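**Student:** Dumping the structure here so I can ask a few things about it.
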Amino acid sequence: MDSQATPKTELLNFIPSPSRPPVVITHGFTGWLKKHLFGGFWNTLLTIAVFTLLYLLLKPFLEWSLVKAVWTASSRRECLSISPDGACWAAVIRWSNNLIYGRYPDPLQWRINLGIGIGIIWLLPLALKKIKHKIVIGLMAVVFYPFLASYLFLGGDRGRLHYVIASVALAYLFMLYMNIILIYLGKKQTGQYFESLIERFVPRRADLLGHLTFLLILSVLIAFIFRDFSLQDVSTDVWGGLFLTIIISGFSIVMALPIGILLALGRRSQMPVVRWFSIATIELVRSVPMITVLFMSVTMMPLFFPNTMDLNKLAQVIIAVCIFAGAYMAETVRGGLQAIPKGQFDAAKSIGLGYWYTMAFIILPQALRAMIPNIVTSFISLFKDTTLVSIIGLFDLMLMARNISIDKNWFGLHTEPLVAISVLFFIFCYTMSQYSQRLERHLTKGR
Amino acid sequence: MLDSKDRQVSSNRTLKKLIHDSAVRSKVIQVLVVVVTFSIGYYLFSNISQNLRQMELPFGFGFITSTAGFDVSWSLIPYDPSMSYGRVYLVGIVNTLVLSAFIILFSTLLGFVVGIMRLSRNLLVAQFAKWYVEFFRNVPLLIQIVFWFIVVFSTLPAPRQSFGIFDALFLNNRGFYFPSPVFQPGFVWTAIVGALALICFIFLKRSSNRFRKSTGKNMRYYYQLLLALLAVVTVVFIGTGKPLDWTLPSLQGFNFEGGGFIPTAFAAAFVAMTIYRSASIGETVRAGIQSIDTGQLEAATAIGFPPFKTLRFIVIPQAARAILPPLINLWLTIVKESSLAVAIGFPELVSVFMQTSLNQTGRAIEIVLMVMGFYMCASLTISFLLNQYNKRIQMQEG
């Protein structure tokens, strides 16, 4: 009876369930604000806290660096008289030539600009779509460009061999651009005009020989034209600033690649002696700080060679940095090699390729391609680490900036140069890291 | 006639074997590597011995017992200029280890905060963390160290105008001063009892964990037992007559006397490297947390796990597996990077040994070997220990 009555009374006394809360607006500006910044008590508190922190940090900095800054003055005293609590960027601007070129003589700085410009021009075709054989262009740049650049930067009499190689480098660059123009015009490349002639004598690889012939002719021509051309000798002691930083890091990263590839291959080799030699080198170098390697290069390396030999401090440092970067690069390359599926090795073996052919044409292209982002990352860290050479007294960007504070006009001015080079390094490194991240996304997308 | 032709063929065959038989070839290459390495080594060695003979500095580690004669600005172990180079080496090692230990501890803590902030749902917090990471990791560490030293810590007020808190902590352009404990002889008892209590605590913790695993319940009287342990230590401490004093730093003339002291160089190196590495550790932590499958979080929510417990028991144990290997590498990097403090004159190993001692004695080879040897030992030890720990963590899977 009773159990039957209960549902009835419930039916009679209708109790509505509590209404649902209103829909949270997640669209529009207020919705966006609510979702991302002010959702809930703690979230709002966090937003306010971070905002206050940012305000406290950024406001004084912006006031100091922009609003109250002095851009033109001739000494620190003048800066202080114009605006006592603003940044004195005038010092950095006055020193900008030194910061970029070091103590390289002013009238000769065109050589640095030209050398760096040639390097950029050489690498530009790598970005063009119609150009093939980009690996060859890159390889030629790696092998020949340093000779041309060092010929320009060092000047003086550098011996006949150096002169010849520098001529070949220049000839190659000319040939490259001639070919590019011809390709875009839709005509035959320079070397191909010799092909029919060469085919009569050497039928195989006539195309390659055609290019080489043209290169040879051009080289001889250039070597002949510039035979009386001489540059004033500039000692590496006066190299400095951003120029030196770029030289050390650029040269080291380029040399680090072959060293790293050899060490990485050695580490995975079947031969125990080679393997242990590689492992020992990699692990020894990686377990010590870079600064100790640099100290070693300046204190211990002179003892390695007969004392009649004239050693160059910059060369010593570059060798040390190369070895150091090479050991790190070896681990990067090893990572790439490990990512290659075993089937690739088996396939190469089954079509009868030997070890070097397998590596050069099957494994390394894939491994290095996948490792480009990591290689860029190691380049960034190497680029940052070159500041360490200032500790052993090379006038790189860092030491040059520190020297502003002992200039009698700007005595005691520490902050502005440091901030300026920090910003410069940040721009360089941030751009490169963004580039490497974009590459990484691009490379993983294709898989 | 026939004989000579035969010989020619067989010599041809051995030549071919050298190039085409992989077993023979690999032996040849290995012998070549050994020969080349040894001949380069011999060349360098003969040069070294000749150079050393000319400089009249025969190779040997005898110099480490001779008197150093220079002062080290900050040392945690007793040192004065009448002590030997061996002692200087030790001072450098202790300073390096202390600096890197501090950096490792604080950068890891800060790095975790940064990593979690980067994953915050709050846009401002996430962006703030992102730009923090981007800024600090893209500016060379050396610039940051010098910046903190020159621009921040060296411009602090002189000792007479130093910032003070409670008349116990002082900060000025020489360094940071703080009260330091002075242990009386009677403190031995407290130390012994304290150590015993610690052992008991570890034992208790383990048995309580075991109890919870087997029964699913918490151990009874667990917290009471912990309190009892603490009480015993306190009673012994008071019973032996409170054998612990504090010395406060106080201004004597132009400088502070008494108390503990950290030079500005230490503080600058510590702050700069902690911030610099917290950025990279933050990235590691973020990647580790992001590597966890979202299904894990959804599952935790579905069975009604509260958010904090989800973090503690679901997220962190799984993320640790992804985070630990790169984190170990970063810690090793920190130990190596602490040598950059040489740039601001902090007396760590490279500074006192590779710079000052090397300049005084001229013994480049011995000193370089000793310094590199230390870093190698440190690296190998840390990576060995942590790899063991890492293995234990990774084993729990499956």
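The values are calculated or read from the model by the stated rules, or taken from the named source; none is laboratory data. What you see is a predicted model; the values in this text were computed from it and never measured. We place every Cβ from the backbone using ideal geometry, glycine too, and count neighbours over all the protein chains shown.
**Student:** Would you check if there is a residue in the stretch B:383-392 being facing chain A (nearest Cβ under 9 Å), in contact (Cβ under 8 Å) with a residue 60 or more places away in the chain and either within 25 Å of A:Thr387 (Cα to Cα) or hydroxyl-bearing (Ser, Thr, Tyr) (or both)?
**Tutor:** Quick first cut of the stretch B:383-392, residues facing chain A (nearest Cβ under 9 Å) only: B:383.
If we keep only those that are in contact (Cβ under 8 Å) with a residue 60 or more places away in the chain as well, we get none.
Taking every residue of the stretch B:383-392 in turn, none turns out to be facing chain A (nearest Cβ under 9 Å), in contact (Cβ under 8 Å) with a residue 60 or more places away in the chain and either within 25 Å of A:Thr387 (Cα to Cα) or hydroxyl-bearing (Ser, Thr, Tyr) (or both).
**Student:** Still on this model: So, in the stretch B:178-219, of the ones that are touching a helix residue (DSSP H, G or I) at 6+ places or on another chain (Cβ under 9 Å) and hydroxyl-bearing (Ser, Thr, Tyr), which residue ends up farthest from B:Val236 (Cα to Cα)?
**Tutor:** Selected residue: B:Ser208.
**Student:** Looking for something β-branched (Val, Ile, Thr) and at pLDDT below 85 - is there at least one such residue anywhere in the stretch B:31-38?
**Tutor:** First, the residues of the stretch B:31-38 that are β-branched (Val, Ile, Thr): B:31, B:33-37.
Filter once more, keeping what is at pLDDT below 85: none.
For the stretch B:31-38, residues β-branched (Val, Ile, Thr) and at pLDDT below 85: absent.
**Student:** Can you pull out every residue in the stretch A:338-384 that is surrounded by fewer than 15 Cβ atoms within 10 Å (Cβ to Cβ), more than 14 Å from chain B (Cβ to nearest Cβ) and part of a helix (DSSP H, G or I)?
**Tutor:** A:Gln338, A:Lys342, A:Gly343, A:Gln344, A:Asp346, A:Ala347, A:Ser350, A:Ala360, A:Phe361, A:Pro365, A:Arg369
**Student:** Determine, yes or no, whether A:Ile120 is in contact with a helix residue (DSSP H, G or I) (Cβ under 8 Å, 6 or more places away or on another chain) and not assigned by TED's automatic domain parsing to the domain that holds A:Met400.
**Tutor:** Details: in contact with a helix residue (DSSP H, G or I) (Cβ under 8 Å, 6 or more places away or on another chain): no; not assigned by TED's automatic domain parsing to the domain that holds A:Met400: yes.
No.
**Student:** Cβ-Cβ under 9 Å, sequence separation 6+ or interchain: first residue in the stretch A:36-63 and within 10 Å of chain B (Cβ to nearest Cβ), partner small (Gly, Ala, Ser) and part of a loop (DSSP other than H, G, I, E, B). Which pairs?
**Tutor:** Sorted first by the residue in the stretch A:36-63, then by its partner, the pairs are A:Asn43/B:Ser120; A:Leu46/B:Ser120.
**Student:** Can we say A:Asp207 is closer than 30 Å to A:Val238 by Cα and among the acidic types (Asp, Glu)?
**Tutor:** Numbers: closer than 30 Å to A:Val238 by Cα: no; among the acidic types (Asp, Glu): yes.
So A:Asp207 does not fit the description; no.
**Student:** Right, next: Considering only the stretch B:47-64, state which residues are in a helix (DSSP H, G or I) and surrounded by 10 or more Cβ atoms within 10 Å (Cβ to Cβ).
**Tutor:** Hits for the stretch B:47-64 are B:Asn47, B:Ile48, B:Ser49, B:Gln50, B:Asn51, B:Leu52, B:Arg53, B:Met55, B:Gly62, B:Phe63, B:Ile64.
**Student:** Here is a further query. Are any residues in the stretch A:122-162 in contact with a Phe, Trp or Tyr (Cβ under 8 Å, 6 or more places away or on another chain) and surrounded by fewer than 17 Cβ atoms within 10 Å (Cβ to Cβ), and if so, which ones?
**Tutor:** A:Lys130, A:Arg158, A:His162 - these are the residues of the stretch A:122-162 that are in contact with a Phe, Trp or Tyr (Cβ under 8 Å, 6 or more places away or on another chain) and surrounded by fewer than 17 Cβ atoms within 10 Å (Cβ to Cβ).
**Student:** Then there is this: If I filter the stretch A:372-421 down to residues being among the small types (Gly, Ala, Ser) and farther than 25 Å from A:Val293 by Cβ, which single residue comes out as modelled with the highest pLDDT?
**Tutor:** Here is the first cut: in the stretch A:372-421, the residues among the small types (Gly, Ala, Ser) are A:378, A:381, A:390, A:393, A:401, A:405, A:412, A:420.
Adding the requirement that they be farther than 25 Å from A:Val293 by Cβ leaves A:405, A:412, A:420.
Values: A:Ser405: 87, A:Gly412: 82, A:Ala420: 92.
My answer is A:Ala420.
**Student:** Tell me, yes or no, whether the stretch B:44-65 has at least one residue that is of a type in the set (Gly, Ala, Ser) and closer than 30 Å to A:Leu37 by Cβ.
**Tutor:** In the first step, residues of the stretch B:44-65 are kept if they are of a type in the set (Gly, Ala, Ser); the result is B:46, B:49, B:60, B:62.
Those left that are additionally closer than 30 Å to A:Leu37 by Cβ: none.
Scanning the stretch B:44-65 turns up no residue that is of a type in the set (Gly, Ala, Ser) and closer than 30 Å to A:Leu37 by Cβ.
**Student:** Kindly evaluate A:Phe425 against the criterion of being of a type in the set (Phe, Trp, Tyr), surrounded by 13 or more Cβ atoms within 10 Å (Cβ to Cβ) and within 13 Å of chain B (Cβ to nearest Cβ).
**Tutor:** Yes: the conditions hold for A:Phe425.
**Student:** Continuing with this model, one more query. Restricting to the stretch A:69-91, name every residue that is more than 33 Å from the chain's Cα centre (by Cα) and in a helix (DSSP H, G or I).
**Tutor:** A:Arg76, A:Arg77, A:Glu78, A:Cys79, A:Leu80, A:Ser81, A:Ile82 - these are the residues of the stretch A:69-91 that are more than 33 Å from the chain's Cα centre (by Cα) and in a helix (DSSP H, G or I).
**Student:** Which of the residues belonging to the stretch A:20-40 are exposed (fewer than 10 other Cβ atoms within 10 Å of the Cβ) and modelled with pLDDT under 80? So that I can check it myself, show each step before the final result.
**Tutor:** Here is the first cut: in the stretch A:20-40, the ones exposed (fewer than 10 other Cβ atoms within 10 Å of the Cβ) are A:20-24, A:27-29.
Passing the criteria: A:Pro22, A:Val23, A:Val24, A:His27, A:Gly28, A:Phe29.
**Student:** State all residues of the stretch A:385-427 that are assigned to a helix (DSSP H, G or I) and of a type in the set (Val, Ile, Thr); if no residue qualifies, say none. Break it down stepwise before answering.
**Tutor:** To start, the set of residues in the stretch A:385-427 that are assigned to a helix (DSSP H, G or I) comprises A:385-390, A:397-406, A:408-410, A:415-427.
The answer is A:Thr386, A:Thr387, A:Val389, A:Ile404, A:Ile406, A:Thr415, A:Val419, A:Ile421, A:Val423, A:Ile427.
**Student:** Which one of A:Leu11, A:Leu62, A:Leu54, A:Leu66 is at pLDDT below 85 and outside any loop (DSSP other than H, G, I, E, B)? Spell out how you get there, then give the answer.
**Tutor:** Details: A:Leu62 fails: at pLDDT below 85; A:Leu54 fails: at pLDDT below 85; A:Leu66 fails: at pLDDT below 85.
Result: A:Leu11 is the single residue among A:Leu11, A:Leu62, A:Leu54, A:Leu66 that is at pLDDT below 85 and outside any loop (DSSP other than H, G, I, E, B).
**Student:** Return yes or no: is A:Met329 assigned by TED's automatic domain parsing to the domain that holds A:Leu244, under 26 Å from A:Leu394 (Cβ atoms), touching a residue at least 12 places away in the same chain (Cβ under 8 Å) and crowded, with 21+ Cβ neighbours inside 10 Å? Talk me through it step by step, then tell me what you get.
**Tutor:** Numbers: assigned by TED's automatic domain parsing to the domain that holds A:Leu244: yes; under 26 Å from A:Leu394 (Cβ atoms): yes; touching a residue at least 12 places away in the same chain (Cβ under 8 Å): yes; crowded, with 21+ Cβ neighbours inside 10 Å: yes.
When the stated conditions are applied, A:Met329 passes them.
**Student:** So, of the residues in the stretch A:239-293 that are aromatic (Phe, Trp, Tyr) and away from every other protein chain (no Cβ under 14 Å), which turns out to be surrounded by the most Cβ atoms within 10 Å (Cβ to Cβ)?
**Tutor:** First, the residues of the stretch A:239-293 that are aromatic (Phe, Trp, Tyr): A:239, A:243, A:251, A:276-277.
This time we only want the ones that are away from every other protein chain (no Cβ under 14 Å), so: A:239, A:243, A:251.
Values: A:Trp239: 22, A:Phe243: 24, A:Phe251: 18.
Residue satisfying both the conditions and the ranking: A:Phe243.
**Student:** Assuming B:Val342 fulfils every condition listed in (1) of a type in the set (Val, Ile, Thr); (2) within 13 Å of chain A (Cβ to nearest Cβ); (3) surrounded by fewer than 22 Cβ atoms within 10 Å (Cβ to Cβ) apart from one, which condition is it?
**Tutor:** (3)
**Student:** For the structure I just gave you, tell me whether A:Val317 is within 12 Å of chain B (Cβ to nearest Cβ) and crowded, with 22+ Cβ neighbours inside 10 Å. Working first, answer last.
**Tutor:** Working: within 12 Å of chain B (Cβ to nearest Cβ): no; crowded, with 22+ Cβ neighbours inside 10 Å: yes.
For A:Val317, the condition - within 12 Å of chain B (Cβ to nearest Cβ) and crowded, with 22+ Cβ neighbours inside 10 Å - is not met.
**Student:** Now for a different question. Does the stretch B:362-374 include one or more residues that are more than 24 Å from A:Ala280 (Cα to Cα) and in contact with a helix residue (DSSP H, G or I) (Cβ under 9 Å, 6 or more places away or on another chain)? Give the derivation first.
**Tutor:** Pass one, the stretch B:362-374, residues more than 24 Å from A:Ala280 (Cα to Cα): B:362-363.
In the following step, the residues that additionally are in contact with a helix residue (DSSP H, G or I) (Cβ under 9 Å, 6 or more places away or on another chain) were identified as B:362-363.
Scanning the stretch B:362-374 turns up at least one residue that is more than 24 Å from A:Ala280 (Cα to Cα) and in contact with a helix residue (DSSP H, G or I) (Cβ under 9 Å, 6 or more places away or on another chain).
**Student:** Considering only residues that are without any contact (Cβ under 8 Å) to a residue 40 or more places away in the chain and either touching a helix residue (DSSP H, G or I) at 6+ places or on another chain (Cβ under 7 Å) or at positive phi (or both), look in the stretch B:151-171 and name the one that is farthest from the other protein chains (Cβ to nearest Cβ).
**Tutor:** Filtering the stretch B:151-171 for residues that are without any contact (Cβ under 8 Å) to a residue 40 or more places away in the chain and either touching a helix residue (DSSP H, G or I) at 6+ places or on another chain (Cβ under 7 Å) or at positive phi (or both), the one farthest from the other protein chains (Cβ to nearest Cβ) comes out as B:Phe166.
**Student:** Give just the number: which of (1) of a type in the set (Gly, Ala, Ser); (2) under 29 Å from the mean Cα position of the chain (by Cα); (3) crowded, with 17+ Cβ neighbours inside 10 Å does A:Ser96 not satisfy?
**Tutor:** Failing condition for A:Ser96: (3).
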